[in-house]
Amino acid sequence: MTYGAANLNDDGTGAKSTLATTVYQQLRDDLLGGALETESKLRVEWVVSKYGAGASPVREALNRLASEGLLGRHDQRGFFIMPVSATELEELTRTRCWLEERALRESIAHRTAEWEEQLVLALHRLGRASRLSPQNATSLDPDWEKLHRTFHRVLISACRSHWLVGFCDQLSDHAYRYRQMANDREGIRRDDFGEHRLIAESALDGNADGAVQALIDHYQLTAAMCMERFKQGEIAKAAVAAERARR
């Protein structure tokens, strides 16, 4: 087993072909992308109809997503989409920073020439891509998102622990749901590529403290932008309630 190398063409899905896995991947993409309303029920019959698969592969896909924490399950009442909340976001961000700090420090300590080359290439590809979709300026471009995920995976790929990389990947998936809340041009301004470049340059220089701080700042800024959306949502709800009370 080798460490310090990552597949730059790997989007994290793997080469899967079973019907259950196809349904799992399609439904997972919709869950992470915010295409389905949070806290709503997911009835097997509805998923069968929407994704064109039988009940057995659908149940297998739903159980797999529940094991990853993307779906909840009521005893005898089926599945529901896990809600997003400010409290969960705080815990998610804190845990992600803990784990990725260790992974990044280990990756820098055991860096190789191959890892450095892959990191430079991942940063270069990310810098050439457009973050926002040309069809919708408030949506992330899927191609950019793949390159973004690859950059962060390469960054920690030399940590010598597939377990740690796997845990970081799982947290990255959950963080992606929240990033959809902060992907438009309003609110806090940021130099997204500049943030990634600072992380990469510090890592390539062997500056573990600087790279970790830049990574944590990067994640915390995203979390702050998501929190701003939560605040805006609460303000909007309060305004609607006040308007109803006046009627």
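The set of residues in segment 132-161 that are modelled with pLDDT of 90 or more, open to solvent by 20 Å² or more (accessible area, probe 1.4 Å) and assigned to a loop (DSSP other than H, G, I, E, B) comprises Arg160, Ser161. Among Ala66, Ala86, which is the only one that is open to solvent by 30 Å² or more (accessible area, probe 1.4 Å) and either more than 22 Å from Phe151 (Cβ to Cβ) or touching a Pro at 6+ places or on another chain (Cβ under 7 Å) (or both)? After applying the criteria, what remains is Ala86.
For segment 7-19, the condition holds for at least one residue, the condition being that it is farther than 25 Å from Val165 by Cβ and modelled with pLDDT of 70 or more. Looking for something outside any helix (DSSP H, G or I) and more than 18 Å from His174 (Cβ to Cβ) - is there at least one such residue anywhere in segment 55-73? No, segment 55-73 has no match at all.
For Ser107, the test of being assigned to a helix (DSSP H, G or I), small (Gly, Ala, Ser) and over 19 Å from the mean Cα position of the chain (by Cα) is passed.
The values are calculated or read from the model by the stated rules, or taken from the named source; none is laboratory data. It should be emphasised that the depicted structure is a prediction, and the values quoted were computed from it without experimental measurement. Glycine also receives a Cβ, built like all others from the backbone with ideal geometry; neighbour counts cover every protein chain displayed. To get the accessible areas, we keep the full protein, side chains included, count just its heavy atoms, and leave off ligands, DNA and RNA. Shrake-Rupley method; radii C 1.70, N 1.55, O 1.52, S 1.80 Å.
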